[in-house]
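All remarks here apply to the structure that follows.
Any read-out appearing in this document is the output of simple, stated calculations on the displayed coordinates, not a laboratory observation. Fair warning: this is a prediction, and the values are worked out from it, not measured in the lab. Cβ sites come from the backbone with ideal geometry, for glycine too, and all protein chains shown count toward neighbours.
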Amino acid sequence: MKIIFTFLMTLFLISPALAQQELTEEERSMAIAELENTRDMLEESTAGLSPAQLNFKSSEEAWSIAECVEHLAISEKAFGEMIKGALNTPADPSKRAEIKMTDGELLAMIRDRSGKVKTSEPFEPSGKFGTYQETLGVLMGTRSMHIAFVDETREDLRNRYGQLPFGTIDGLQIVLFMSGHTERHVKQIMEIKESEGYPSE
């Protein structure tokens, strides 16, 4: 009886640690580096552009650089809400079997622009944040909050989940997808800058 009691007490004491799995330092550093690197890529790709350059469209259907930035600002906020939603559910290690992509595979998929995807209406640019500079400020401010969150959180992100059209991803993968999504559109911005007719100034 004493042995059973000791076992149950031990299980009770260690179960919170099993249920709450913090990010490893490697995971935390990797995610922060991803967010910072893609933020810097975006800043570098848009620095010093004139209104004519920001608003140039290679065709009527194409987005301008300013519209790419607005789409990123909208998406960044949406990814933040997805993370909040994941944190409002209990950590559940049993659902990890639903995740079909490694971190590397997920990043490679979202960064790849060989397959173009039309965005859904809520994520289309409409000028909702005001001027270009105001929109960029929204994006950069939200990104700063996400970097701070990853740096400080002690939540179990690996055992909480989000749903995307291609399947289930874990909480940290939401962060990585958000970063890779930024890189995807930086590539689009570079394509716009190389388009025929793009203003030289």
Subject >> Order by protection proxy (mean Cβ within 10 Å, highest first), peptides 62-70, 45-53 >> reply: 62-70, 45-53
Subject >> Extreme residue, positive dipole direction of the chain, given options Thr182, Ala47, Ile169 (C-beta unit charges) >> reply: Ile169
Subject >> Listed peptides 185-194, 124-133 by packing density, highest first (mean Cβ within 10 Å) >> reply: 185-194, 124-133
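Please give the contour-minus-distance gain from Ile99 to Ser58: 0.36 nm per residue of separation, less the Cα-Cα distance, rounded to one decimal in nm.
On the way: separation 41, 0.36 × 41 = 14.76 nm, distance 3.82 nm.
Length gained between Ile99 and Ser58: 10.9 nm.
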**OP:** Could you grab the Rg to Rh ratio for segment 83-155? Cα atoms only, Kirkwood for Rh.
**Re:** 1.03
Original post:
What is the fewest-to-most order of Val150, Val117 by other Cβ atoms lying within 10 Å of their Cβ?
Top reply: Val117, Val150
**OP:** Starting from the Cα gyration tensor of segment 24-193, multiply each eigenvalue by 5, take the square root, and state the resulting semi-axes largest first in whole Å.
**Re:** 29, 17, 14
Original post:
With each run of n ≥ 4 DSSP H residues scored as -39500 (n - 2.57), what mean residue ellipticity at 222 nm is computed for the chain after dividing by its residue count and rounding to the nearest 500 deg cm²/dmol?
Top reply: -20000 deg cm²/dmol
**OP:** Can you tell me the dipole magnitude for the chain around its Cα centre, using point charges on the Cβ only (Lys, Arg +1; Asp, Glu -1), in Debye to the nearest 20?
**Re:** 740 debye
